[in-house]
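Heads up: the structure comes next, in structure tokens.
The values are calculated or read from the model by the stated rules, or taken from the named source; none is laboratory data. What you see is a predicted model; the values in this text were computed from it and never measured. Neighbour counts are summed over all protein chains in view; Cβ atoms, including those assigned to glycine, are modelled from backbone coordinates with ideal geometry. Note: accessible area is taken over every heavy atom of the protein model, side chains too, but ligands, DNA and RNA are not part of it. Shrake-Rupley method; radii C 1.70, N 1.55, O 1.52, S 1.80 Å.
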Protein chains: 2
Amino acid sequence: MFSKSCKYGIRAVLFLASLETGIRAGVKEIATELNVPAPFLAKILQQLAKAGLISSVKGPGGGFYLSPENADSNLSEIINCIDGPDLLHACVLGLPACSHKHPCPLHVQANAFRQGLKFQLEHQIIKDLALSIKKEHLNL
Amino acid sequence: MFSKSCKYGIRAVLFLASLETGIRAGVKEIATELNVPAPFLAKILQQLAKAGLISSVKGPGGGFYLSPENADSNLSEIINCIDGPDLLHACVLGLPACSHKHPCPLHVQANAFRQGLKFQLEHQIIKDLALSIKKEHLNL
DNA sequence: TGTAAAAAGGATAAAAACATCCTTTATTGA
DNA sequence: TCAATAAAGGATGTTTTTATCCTTTTTACA
């Protein structure tokens, strides 16, 4: 479903979202917390920061965090940033010519299905997820 | 969503399903038809044949085909054979410890979603798909 | 019985994903 | 200003997926 990069990315964003406002976390801290390789995670965080989905400051006391704006983004944006738009848009069977006009055998089913997925992902706002993480002590 | 192997595999099975009963197709023919690399497809067909999801005969005039029993299998079985059960069963965020008891932040949503996907995939019977392919002249 | 056809199986190669390491840049605080 | 900290960026290595090639086995048929 999601690449490893994408899973790490989502988890990292959710971790940042569950921090107190004003607190930043460094790569090492996040990597330890999520139990994922730090240098690899660093690349992913860079990518998310470059895309404006998370925020960062360099230097002592620096690290990554979510601005209020960042916390308003949704899962779809994170996934799209890391894995690209194919999950929701490319033909499930990989046919380049697949379209409403020339559908593949799974086109109708896949589309109906992905409309639902798309809706869900676009309505999973980071800050809301963070709330339920805190409330229900969920794992990351 | 699906690996390339899995996409090729599904398409190949659907192609075999759309053949007249009694007709067999060789790797090269299938590969040409689907526009995928023949040696790679051969490996996938072998895997499906070994698992009993498609049938094959060696020698002159041989090739791959679907027995009536094969045509009664569903998409879930094909996908499970090639990509394994993770799509429907592993934690979407890749957490080894994720469970109903210790859920990840997406556990509930993912589960609801995948129940639907699972149901759909298990009810997409190959021979039914083949019928709609013929009727609606769908691409493979 | 021998030859050709076609799948099965094994070994190898190329590309992509995953992961690490080192240098540079920005920032803080002494 | 200088040293330390931490992200950014670039280069490199490893593993998995994707793809190719060659040999072996099975089968049909002349």
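Here the helices (runs of 4 or more DSSP H) wholly within segment A:21-140 that include at least 1 residues being open to solvent by less than 60 Å² (accessible area, probe 1.4 Å) and of a type in the set (S, T, N, Q) are A:68-71, A:75-83, A:107-123, A:126-136.
The requirement of being away from DNA strand D (no atom under 15 Å from the Cβ), over 11 Å from the mean Cα position of the chain (by Cα), of a type in the set (Gly, Ala, Ser) and loosely packed, with under 15 Cβ neighbours inside 10 Å is not satisfied by residue B:18. Taking the conditions exactly as written (in contact (Cβ under 8 Å) with a residue 40 or more places away in the chain, within 15 Å of DNA strand C (Cβ to nearest atom) and among the hydroxyl-bearing types (Ser, Thr, Tyr)), does residue B:65 satisfy them or not? The answer is yes for residue B:65. Residue A:35 fulfils the conditions (1) farther than 30 Å from residue B:36 by Cβ; (2) more than 13 Å from chain B (Cβ to nearest Cβ) except for a single criterion, (2). Applying the criterion of being within 8 Å of DNA strand D (Cβ to nearest atom) and aliphatic (A, V, I, L, M) to the residues of segment A:47-82, the residue that is farthest from residue A:4 (Cα to Cα) is A:57.
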